[in-house]
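Participant: I have a structure I would like to understand better, so I am pasting it below and will then ask my questions one at a time.
The values are calculated or read from the model by the stated rules, or taken from the named source; none is laboratory data. Keep in mind that this is a model prediction, so the values were computed, not measured. Ideal geometry is used to build each Cβ from the backbone, glycine not excepted, and the neighbour counts take in all protein chains shown. Quick note on the areas: whole protein, heavy atoms, side chains included, nothing else; ligands and nucleic acids left out. Shrake-Rupley method; radii C 1.70, N 1.55, O 1.52, S 1.80 Å.
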Amino acid sequence: MRIRLLVGGRLFVLAAGLLTATGLIGHLIGLMMLTTTVGPTAYLLLAHPDTEAAQVRSAVLGHAAATAGGLACLAAFGLWRRPSIIERHIDTPAQIGAQALGVGLTLLALVVLDAHHPPAAATALMITSGIARPGLPLFGMLTGLAVVITTAVALAKIPWLRVPTRRTFHD
């Protein structure tokens, strides 16, 4: 139990510090950089750095594929300039289609690219739901991901901050 508390405490400090710094950077430059896709990415990279899902290649290709697929679905369903699901307070049939296809395309790309990074599915949903719409919201989310990926990878390499990985997500 003591080891779990120690490991959990280190992850708490690392994740809270990393996300606070990312959020403050975003605040200072006028971008919303903390989105629902950033937290799970930080968790994988900090808590399970030795897994395939936490490799830089998987994270970058996963989020890139999700971004491309999400933007393609926005265009295909005519949602490029439509209000987000938050503004409308409900999903339209077109948004549901775009969201489902965007996540499906992302999962297909993750397998084809052999770049398994589950949080990328959240990136596809953020884009296709209109929350991270093209422009500053999308740029902010991608900038937040870039900060978290690069910083978490660096933090995970510091020996005294390393957390042993017990499980893998994909063989």
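Participant: May I ask you to give the solvent-accessible area per residue for the chain, in square angstrom, as obtained with a 1.4 angstrom probe?
Facilitator: 53 Å²
Participant: Right, another one. Relative to the first principal axis of the alpha-carbon coordinates of the chain, what is the inclination of helix 38-47, with its axis defined by its Cα atoms, in degrees from 0 to 90 and to the nearest 10?
Facilitator: 30 degrees
Participant: Continuing with this model, one more query. What base-10 log of the normalised intensity I(q)/I(0) is obtained for the stretch 3-101 from the Debye formula, alpha carbons as equal point scatterers, at q = 0.11, 0.14, 0.20, 0.24 Å⁻¹?
Facilitator: -0.49, -0.75, -1.10, -1.20
Participant: A further question on this structure: Once you treat every alpha carbon in the stretch 41-86 as an equal point and sum by Debye, what is log10 I(q)/I(0) at q = 0.13, 0.24, 0.30 Å⁻¹?
Facilitator: Debye curve over Cα of the stretch 41-86, log10 I(q)/I(0) at q = 0.13, 0.24, 0.30 Å⁻¹: -0.44, -0.78, -0.99.
Participant: Still on this structure: Sort out for me the Cα centre separation of the stretch 1-46 from the stretch 104-125, rounded to whole Å.
Facilitator: Cα centroid of the stretch 1-46 versus Cα centroid of the stretch 104-125: 22 Å apart.
Participant: Based on the Cβ-Cβ distance of PHE139 and LEU11, what FRET efficiency does E = 1/(1 + (r/R0)^6) give at R0 = 35 Å, to the nearest 0.05?
Facilitator: 0.80
Participant: Tell me, what % of the accessible area of the chain is carbon and sulfur with a 1.4 angstrom probe?
Facilitator: Answer for the chain: carbon and sulfur cover 72 percent of the accessible area.
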